[in-house]
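One structure is given here, and the rest of the page talks about it.
The values are calculated or read from the model by the stated rules, or taken from the named source; none is laboratory data. Please read all numbers here as calculations on a predicted model, not as lab measurements. Cβ: placed from backbone, ideal geometry, glycine included. Neighbour counts: every protein chain shown. Surface areas here come from the heavy atoms of the whole protein model, side chains and all, with no ligands, DNA or RNA. Shrake-Rupley method; radii C 1.70, N 1.55, O 1.52, S 1.80 Å.
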Amino acid sequence: EAGARYYLTKPYEPDALLAIVKSALDEARRNNEIQVQVEGMRRAMCALTHAEFEFTTLEQATQLSTLASLASPQPENIVMGLSELLINAIEHGNLGISYAEKSQLRIEDRWQQEVERRLLLPENVGKRARLSVVRSAHDVTYTVSDQGMGFDYTRYLDFDPERAFDPNGRGIAMARQLCFQRLEYAGCGNMVMATVELS
């Protein structure tokens, strides 16, 4: 609630500290790059009423989250949460990287390489994630879906102290609490609707 994304309690493992610091710096760098792009496109996106996108890579997810956030009145607050949802659709949804696998990959600093490796596997080449953006007079709704088997999203809707030492696992809770007025999963968890109110 205070805005902290990571914290550690003593004693802690040096490898866990390094992985968490690296994750925090990577996210801060990514978010700073995204913020620089936001201002130039904001005005044009206010004319948007409905848009559909497909994406497959982390780079596309980052670029698309920047663009789509501009349909909201405060894109700087939306872009981080939207980026988390789009990246989750790729890594956990389409590529099947589990929570435990991602934690280990983050500790070993191999997460991005593993995502890129799995994108090239024959079973993943045709997979796409989708983003729908609908803007009405009252709100903007972002719907993100993937071709994965879903997951138990209820475990990630709130911050969990048991995962405090993990280098991942905060994105959905952060998006829900800080970025969107409503965040709701559908079905098995391979579709999420995030809503921003305009007034």
Identity of the residue in region 1-17, in contact (Cβ under 8 Å) with a residue 24 or more places away in the chain and either in a helix (DSSP H, G or I) or acidic (Asp, Glu) (or both), that ends up most open to solvent (accessible area, probe 1.4 Å):
GLU1
Residues that are surrounded by fewer than 20 Cβ atoms within 10 Å (Cβ to Cβ) and without any contact (Cβ under 8 Å) to a residue 60 or more places away in the chain, at least 3 per element: which strands (runs of 3 or more DSSP E) completely within region 109-199 meet that?
139-145, 182-186, 191-197
Some residue of region 108-124 being in contact with a Ser or Thr (Cβ under 9 Å, 6 or more places away or on another chain) and more than 29 Å from GLU13 (Cα to Cα)
yes
When you scan region 58-77, how many residues do you find that are touching a strand residue (DSSP E or B) at 6+ places or on another chain (Cβ under 6 Å) and of a type outside the set (S, T, N, Q)?
4
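Yes/no per residue for (1) open to solvent by 20 Å² or more (accessible area, probe 1.4 Å); (2) under 24 Å from LEU198 (Cα atoms):
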residue: VAL36; (1), (2): yes, yes
residue: CYS46; (1), (2): yes, yes
residue: THR49; (1), (2): yes, yes
residue: LEU58; (1), (2): yes, no
residue: ALA61; (1), (2): no, yes
residue: SER65; (1), (2): no, yes
residue: SER72; (1), (2): no, yes
residue: ASN77; (1), (2): yes, yes
residue: MET80; (1), (2): yes, yes
Output the residue which, of all residues in region 85-108 that are in contact (Cβ under 8 Å) with a residue 12 or more places away in the chain and among the small types (Gly, Ala, Ser), is surrounded by the fewest Cβ atoms within 10 Å (Cβ to Cβ).
GLY96
From the option list ARG155, ARG118, single residue qualifying as among the basic types (Lys, Arg) and in contact with a Leu (Cβ under 6 Å, 6 or more places away or on another chain) is ARG118
